[in-house]
Amino acid sequence: MRILFKQILIQDSRSSNFGKKVDLLSENGRWVAIGSAIEEKADEVVCGDQLLWYPSVVDLRVHHTLPGGEHKEDWTSLQSAARKGGVLDLLLLPTGDPVPQQPEAIHYIASKLAGSGIACYPAAPLTLDNKAENFSDLMDLHKAGASWFSHGAGSLQDTDLMLKCLQYLQPLPVKVISRPDVKGLSLFGQIHEGLQSTLLGLKGIPVLAETMHIKRDLDLLAYVMKHSFGLADAEFSLHLSCISAAESVELIKQAQASGLPVTADVAIYSLLFTEEAVSDFDTLKKVNPPLRTEQDRIALWQGLKEGVIQSVVSDHHPVEVENKDLEFDQASFGTIGLETLAIAFLSEASKQGLAKADQYISHHPAAFLGFKQPELQVGEKVKGVVISKEAFVYDANSIVSKSKNSIFIDHKFDYKIKGVYGQ
């Protein structure tokens, strides 16, 4: 199969052709020619106005519904949603029921979509059944291929358990993922604690719930590194996921400046929406962490520009319609996002003046997962997304995920995915 891409603007920032319009010719999944004008025959010609080539998307935060949640998302719909959004690599949180916590489960998840073009990277639970009572078999899980550990989709509230997890794992090349939230402060909270929570009469989730947890985790990390006796692996780090506040960015920035091995990501919805989006009690906008202020949103973008935040994630969280079609305070948190991560981020990144946007949804998260995207050069594998500058309104009817709880329904995007390429 030969595919010819005509006059496509290269937006892979690691390519020598970055920012240039070129012709690309692939054959059987590999690049065979790159030039200003290729006239060879092809089985398919991809052409059009304002077409862009981006490396494929890497998503570091997908809530795993399997086993037990097949009615919300199954392997087939997960694969379809990922491919539609150009996501060819994704990290699955240990959120199935039962929790995938045996070496065999890690092998199964990692190989389940083999041959489909979608690669799954399973995170393992820090504790058995995510109950924060007994440690999981951390070493055996790592030997089975797990290099990422988390407490389900959240974070360990028990300080002693978190400390011991960091101590046990620091000699290994692994990432400990924490979604900072002090449960005692966010309990029963519905939206950001601020103007909208007061006007709507809803219990708020304070920024303090996030920042207090970040301070604790950073203090624990500093303690572990100080007492590591030189045994800490160079690839070991703490990863703070879905940060949502300006103060969080500053805390992480200071920790990184002090030399602590800490990274961070931000959910795409925190970069586009603020607390005002829930003023009409739209349960599709009910997410956790909650949508915060415009000041926080701008600070998150600044955190990306400064390199404090390395990755943008979808926080893909399927929720059945009966758990969203309720009174706001009874509805479940969560939004799907695999299908919209790339177009939502690129649409807003251009408005924010963020250079090399591909780094945040492709190259940086790929490095987090331990691989490099194929280079755009002759002989290398084809792995990328063709996107057009084309405004459109996202329609619920176009969703291929089993769950339809997208925060972006009826949202206008400036970019549209035209094709996804990769074996």
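The values are calculated or read from the model by the stated rules, or taken from the named source; none is laboratory data. All values reported here derive from a predicted model rather than from experimental measurement. Cβ sites come from the backbone with ideal geometry, for glycine too, and all protein chains shown count toward neighbours. Accessible surface is based on the protein model in full, side chains and every heavy atom, while ligands, DNA and RNA are left aside. Shrake-Rupley method; radii C 1.70, N 1.55, O 1.52, S 1.80 Å.
Annotations for the structure displayed:
- Computed on the range 1-81, the Cα convex hull volume stands at 143 Å³ per residue.
- Seen from I214, the other residues with C-beta closer than 12 Å to its C-beta sum to a net charge of -2, counting Lys and Arg as +1 and Asp and Glu as -1.
- Shape class of the range 54-101 from the Cα gyration tensor (axes a ≥ b ≥ c, square roots of the eigenvalues): oblate, since a/c reaches 1.5 or more and a/b does not exceed b/c.
- Computed 3J(HN,Hα) for the range 72-77, one whole-Hz value per residue from the Karplus formula 6.51 cos²θ - 1.76 cosθ + 1.60 where θ = phi - 60°, is 9, 6, 10, 4, 5, 6, glycine and proline marked x.
- Rounded FRET efficiency, nearest 0.05, which uses the C-beta distance separating V45 from E276 and R0 of 60 Å: 0.85
- Full-stretch length increase - I298, S258 - with 0.36 nm per residue and alpha-carbon distance subtracted: 12.0 nm
- ³J(HN,Hα), Karplus 6.51/-1.76/1.60, whole Hz, each residue of the range 224-237, x for Gly, Pro: 5, 5, 5, 10, 7, 6, x, 8, 5, 5, 5, 9, 6, 7
- The solvent-accessible area of D296, taken with every protein chain present and a 1.4 Å probe, is close to 20 Å².
- Whole-Hz ³J(HN,Hα) from phi, Karplus 6.51 cos²θ - 1.76 cosθ + 1.60, for the range 386-400, glycine and proline x: 9, 10, 10, 7, 8, 6, 7, 9, 6, 10, 4, 5, 8, 6, 9
- Under 5 Å, built H, 5+ apart or other chain: amide partners of E390: Y415, K416
- Amide H to amide H, with H built 1.01 Å from N, T335 comes under 5 Å of H317, counting only residues 5 or more places away or on other chains.
- For the range 154-199, the carbon plus sulfur part of the accessible surface works out to 62%, probe radius 1.4 Å.
- Amide H contacts of D12 (H built 1.01 Å from N, under 5 Å, at least 5 apart or other chain): G19
- Considering all C-alpha pairs of the range 1-135, those separated by over 24 Å amount to 46%.
- For the range 155-253, the Kirkwood hydrodynamic radius from C-alpha pairs, put into Stokes-Einstein at 10 °C and a viscosity of 1.306 mPa s, yields a diffusion coefficient of 109 µm² per second.
- Heavy-atom surface of the chain, accessible at 1.4 Å and reported per residue (Å²): 40 Å²
- Net charge over other residues, Cβ less than 13 angstrom from the Cβ of K404 (K, R count +1; D, E count -1): -4
- Close Lys-Lys pairs in the range 214-368, where close means Cα under 15 Å and separation is 8 or more or interchain: 6
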